[in-house]
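The values are calculated or read from the model by the stated rules, or taken from the named source; none is laboratory data. Note that this is a predicted model, so its numbers are computed, not measured. Every residue, glycine as well, gets a Cβ built from its backbone with ideal geometry; the counts of neighbours run over all protein chains shown.
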Amino acid sequence: MKIDLHIHSKSCSDGNLSVEELIGEAKIRKIGLLSITDHDSIGCQSKAMALARNNGIRYISGVELNVTFSHSKYHEGKSISLDFLGYQFDIENKGLKEKLQVMAEYREERAAKILNNINTEFEKEGIEKLTKDDWRKIQESVDGVLGRPHIADYLVKKGIVRNRQEAFDKYLVKCDVPKYPLHVDEASRLVKNAGGLIALAHPNDPHGTSLVTLTKSLPEQTEIIEESMLTHIDGIECWHSRNDAQTTNHYIKFAKKHKLIMTGGSDCHQKPILIGTLKIPEYIAQQFNFE
């Protein structure tokens, strides 16, 4: 059975395919267990569940929460971002829905501040500033939760940069504004109070939001998890599209040692389509209870 427990949609996040298209792709690729884990959003879960059921695919409710984290021994104690995956929670849970709404509103405010910072850079470079009309067009381009990738794509569309990566390298990293300050303990409570499980996502992702920002040493990473996260999490994402074999094996061993659930997924944003391309063992499905 093919498994993919980390996918992003266009409908509620920064993917390139709608929920309907994702479920259709999952059926074509014969995926047996699926979770769409949009960034700080569960607005598409009800639709995804119904479509998956109609297509004979087992589905687990999912979300990817961005968390602010710091450790006194690393990065001069400064905060970094980490991602945590919530699974199998009640999608109608009031506390979870209300917090995600607050975070969505903050994303809008953050994006507006980032645009102001970008305009400051444009002024220095003699580039025409972005206007209220540009802001409106960026908002209209978003099906789900507004994020920096949407701003990057708009800069590409305007011809200011050649691609999304250049947008980040030239402007979005420099002009960034802190994300909503959600911490590990609060993220854990939100998911668990909704009856779900929470797992640290892609802990050693070299190109993403991960513990690599603090240290590239796998033993040091797991030491950080033991010291600061173990009491809050239920699992670890052991399989990921950017993992090497050493990373996967290290985190499988760590998860088994601490009796944590193991998850895995492509982290597919459909650029290119990676759904179901990872070899994730079937026993992963047995960790989740199904009706």
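Given the criterion under 17 Å from Met262 (Cβ atoms) and surrounded by fewer than 21 Cβ atoms within 10 Å (Cβ to Cβ), identify the matching residue among Ile225, Ile233.
Unique residue meeting the criteria: Ile225.
For Gly195, all conditions in the list (1) touching a Phe, Trp or Tyr at 6+ places or on another chain (Cβ under 7 Å); (2) over 30 Å from Asp90 (Cβ atoms) hold save one; what is the number of the exception?
Against the list (1) touching a Phe, Trp or Tyr at 6+ places or on another chain (Cβ under 7 Å); (2) over 30 Å from Asp90 (Cβ atoms), Gly195 comes up short only on (2).
Please list, ordered by first then second residue, the pairs with beta carbon atoms under 7 Å, 6 or more apart or interchain, first in segment 170-184 and more than 14 Å from Asn116 (Cα to Cα), second part of a loop (DSSP other than H, G, I, E, B).
Every condition considered, the pairs that remain are Lys170/Val161; Val184/Met229; Val184/His232.
With the requirement that a residue be free of Cβ contacts under 8 Å to residues at least 40 places away in the same chain and aliphatic (A, V, I, L, M), what does segment 211-243 give you?
Val212, Leu218, Ile225, Leu230, Ile236
Of the numbered conditions (1) buried (at least 16 other Cβ atoms within 10 Å of the Cβ); (2) in contact with an Asp or Glu (Cβ under 6 Å, 6 or more places away or on another chain), Met1 fails exactly one; give the number of that condition.
The one condition Met1 does not meet is (1).
Conditions (1) at pLDDT below 95; (2) surrounded by fewer than 21 Cβ atoms within 10 Å (Cβ to Cβ); (3) within 11 Å of the chain's Cα centre (by Cα), marked per residue:
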| position | (1), (2), (3) |
| --- | --- |
| Asn16 | yes, yes, no |
| Glu20 | no, yes, no |
| Ile23 | no, no, no |
| Leu33 | no, no, no |
| Gln45 | no, no, no |
| Ile60 | no, no, no |
| Ile91 | no, yes, no |
| Glu98 | no, yes, no |
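Has segment 107-114 got at least one residue that is touching a Leu at 6+ places or on another chain (Cβ under 6 Å) and of a type in the set (Gly, Ala, Ser)?
Checked segment 107-114: at least one residue is touching a Leu at 6+ places or on another chain (Cβ under 6 Å) and of a type in the set (Gly, Ala, Ser).
Given (1) of a type outside the set (Lys, Arg); (2) in a helix (DSSP H, G or I); (3) surrounded by fewer than 14 Cβ atoms within 10 Å (Cβ to Cβ); (4) touching an Asp or Glu at 6+ places or on another chain (Cβ under 7 Å), where does Gly195 come up short, assuming only one miss?
Only one criterion in (1) of a type outside the set (Lys, Arg); (2) in a helix (DSSP H, G or I); (3) surrounded by fewer than 14 Cβ atoms within 10 Å (Cβ to Cβ); (4) touching an Asp or Glu at 6+ places or on another chain (Cβ under 7 Å) is unmet by Gly195, namely (2).
Does segment 203-218 hold any residues that are out of contact with any His (no Cβ under 8 Å at 6 or more places or on another chain) and either surrounded by fewer than 21 Cβ atoms within 10 Å (Cβ to Cβ) or not in a loop (DSSP other than H, G, I, E, B) (or both), and which are they?
Result: Pro206, His207, Leu211, Val212, Thr215, Lys216, Ser217.
Find the residue count for segment 243-291, including only residues that are closer than 30 Å to Glu20 by Cα and in a helix (DSSP H, G or I).
So the answer is 6.
Hey, could you check segment 116-145 for residues that are in contact with a helix residue (DSSP H, G or I) (Cβ under 9 Å, 6 or more places away or on another chain) and touching a residue at least 40 places away in the same chain (Cβ under 8 Å) and say which is nearest to Leu190 (Cα to Cα)?
Val145
Kindly list the number of the only condition in (1) more than 20 Å from the chain's Cα centre (by Cα); (2) under 17 Å from Ser70 (Cα atoms); (3) of a type in the set (Gly, Ala, Ser) that fails for Ala187.
(1)
For segment 265-291: of the residues being among the polar types (S, T, N, Q) and either within 26 Å of Lys10 (Cβ to Cβ) or at pLDDT 95 or above (or both), which is surrounded by the fewest Cβ atoms within 10 Å (Cβ to Cβ)?
Here the answer is Thr277.
So, in segment 219-242, how many residues would count as being part of a helix (DSSP H, G or I) and within 20 Å of the chain's Cα centre (by Cα)?
2
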